[in-house]
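Step one of this worksheet: look at the structure below.
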Amino acid sequence: MSLVRRPPASTLDLSRRPRRLRRTESLRGLVRETRLHAGMFVYPLFVRDGRASEISSMPGVRRLPVDLLVEEARAARLDGVVAVLLFGIPSSKDAQGTAADDPEGAVQRAVRALKAEVPDLVVMTDVCLCEYTSHGHCGLIEDDVIVNDPTVERLVSVALSHARAGADIVAPSDMMDGRVGAIRGGLDAAGFTEVAIMSYAAKYCSAFYGPFRDAAGSAPASGDRRSHQMDPANADEALREVELDLEEGADIVMVKPALPYLDVLYRVKSTFGAPTAAYHVSGEYALLKAAAGHGWIDEPRAMLETLLAIRRAGADLIVTYYARDAARAIG
Ligand code: PBG
């Protein structure tokens, strides 16, 4: 017996016609459930000393010195983007990631310049050691192990250096245990009670960070990040990670990457109702760019559909290299 039983034509019920509301753009707009707005985008920027340079695996994204970074941020602000997320590329790296909390580091100088020159921009900073360590790991290493607690101490110091420079939001991306609480404590003790924390709460050990690691030269020299980033197979664990970060004082929690983890994003938003960010990461961006480069997809449509899907799944904020393009496209 067929599972699908076709009714005879005479009994087709045409009193229900969902297509009625799809006839014109105005009708579709009236019943549209989800919208993107420029105010939800966070624009990641790479800052370093020296000249601007292209990143071959991320077409359209460049590493920028502070003066050009300020120009780029100003242009983004004019497009309607309200927030940037800074990543630093130091001129020298060592085992401790000493450059990460240098008050004269590229990120710290960029924060000061942005706060002075584009005052209504929200300035966020990525807090991690992997861009600064010679071995490319997110923490300090002892006997081949990334040691949690000494790393957390370094991260507090990095976050404080960003707060002193004027960052509005610090964003720890390292996935060490207890770092959100430690950073909150450090910020409060130093009087930075108004500096918020956006924690990369459910950050997966993903292949989609490849182009970012080209950009930041932060691929681990040996080994991988499986001892701290999450196993892609786990979703319940993401809820536990998010709960811990919220208890420790995170103001915004992030799921990363975005598209392969929309189920996680949906559950995080519906379980906690906290301000929730999703990071549409470098590899996700590169996939779209590569297909568009071949003429295989309509890039503006694919971009907006992707961002809309992330929004629909529950993201309040979307970190995306497309922030300027998307802000311009939605006007
Ligand atoms: C630093 C960091 C990474 C990304 C954001 N912060 C790289 C990593 O964890 O290896 C990835 C962002 C992207 O791929 O766009 N820890």
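The values are calculated or read from the model by the stated rules, or taken from the named source; none is laboratory data. The structure displayed is predicted, hence computed values, not measured ones. Reconstructed Cβ throughout: ideal geometry from the backbone, glycine too, with neighbour counts over all protein chains shown. Only protein heavy atoms, including side chains, enter the accessible area calculation; ligands, DNA and RNA are left aside. Shrake-Rupley method; radii C 1.70, N 1.55, O 1.52, S 1.80 Å.
The table for this structure:
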| read-out | value |
| --- | --- |
| C-alpha center-to-center spacing [segment 25-66, segment 97-117] in angstrom | 22 |
| Share of carbon and sulfur in the accessible heavy-atom surface of segment 154-224 [1.4 Å probe, %] | 54 |
| Value of [θ]222 nm, deg cm²/dmol, for the chain, DSSP H segments ≥ 4, -39500 (n - 2.57) each, nearest 500 | -11500 deg cm²/dmol |
| Folded to 0 to 90 degrees: helix 148-165 orientation relative to the chain principal axis, Cα | 90 |
| Sites Asp144 and Thr24, calculated FRET efficiency, Cβ-Cβ separation with R0 41 Å, nearest 0.05 | 0.05 |
| Acute angle (nearest 10 degrees) that the helix 236-248 long axis makes with the longest principal axis of the chain, alpha-carbon atoms | 50 |
| Lys, Arg +1 and Asp, Glu -1 on Cβ, resulting dipole of the chain about Cα centre, debye, nearest 20 | 2280 |
| Karplus (6.51, -1.76, 1.60) ³J(HN,Hα), θ = phi - 60°, over segment 81-98, in Hz, Gly and Pro reported as x | 6, 10, 9, 10, 10, 9, 10, x, 10, x, 7, 9, 10, 9, 5, 8, x, 4 |
| Average accessible area per residue (Å²) across segment 34-330 - probe 1.4 Å, nucleic acids and ligands excluded | 40 |
| Between 0 and 90°, nearest 10: helix 179-189 axis offset from the chain longest Cα axis | 60 |
| Peptides ranked, highest mean first, by Cβ atoms within 10 Å: ranges 228-239, 145-156 | 145-156, 228-239 |
| Protection proxy ranking, peptides 75-85, 160-170, average beta carbon neighbours within 10 Å, highest first | 160-170, 75-85 |
